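Taken together, the values in this text are just the output of simple stated rules run on the coordinates, not laboratory data. Just so it is clear, the structure is predicted and the values come from calculations on it, not from any experiment. Every residue, glycine as well, gets a Cβ built from its backbone with ideal geometry; the counts of neighbours run over all protein chains shown.
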């Protein structure tokens with residue numbers, strides 16, 4: 001029985017090529033190889049998404065840190081100016 005999940009031209013072509021290139025010995029094995037590839041692609045996509053989210057979080061944390069440093073420097077400069085005015 002031919003699984004419905006493979007009822008498309010691309011999958012039929014891939015299954016044919018798996019058998020033709022001897023990456024699978026028969027159609028049943030080709031089904032499993034294709035399922036495994038899909039699973040690996042899905043897992044890799046999930047890992048890529050997690051990595052992208054982590055990168056975004058890191059960029060936001062870096063931006064927040066830079067903002068805090070700039071505000072701190074500005075406050076220090078203002079305090080120095082106030083102290084200079086008090087000394088006059």
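Where only DSSP H runs of four or more residues are counted, the chain gives -30500 deg cm²/dmol as its mean residue ellipticity at 222 nm, each run worth -39500 (n - 2.57). Counting beta carbons within 10 Å around each of 87, 60 and listing the fewest first gives the order 87, 60.
Could you tell me whether the range 7-87 comes out rounded, prolate or oblate from its Cα gyration tensor? Rule is a ≥ b ≥ c as square roots of the eigenvalues, rounded for a/c under 1.5, then prolate if a/b exceeds b/c, otherwise oblate. Cα axes put the range 7-87 in the prolate bin. Counted residue by residue at 0.36 nm each, then reduced by the alpha carbon distance between them, the extension gain from residue 8 to residue 57 reaches 13.7 nm.
Checking the a/c ratio against 1.5 first, then a/b against b/c, what shape does the Cα gyration tensor give for the range 1-40? Rounded shape, in that the Cα axes give a/c under 1.5. Each part gets one Cα centre, and for the range 1-22 versus the range 45-88 those centres are 54 Å apart.
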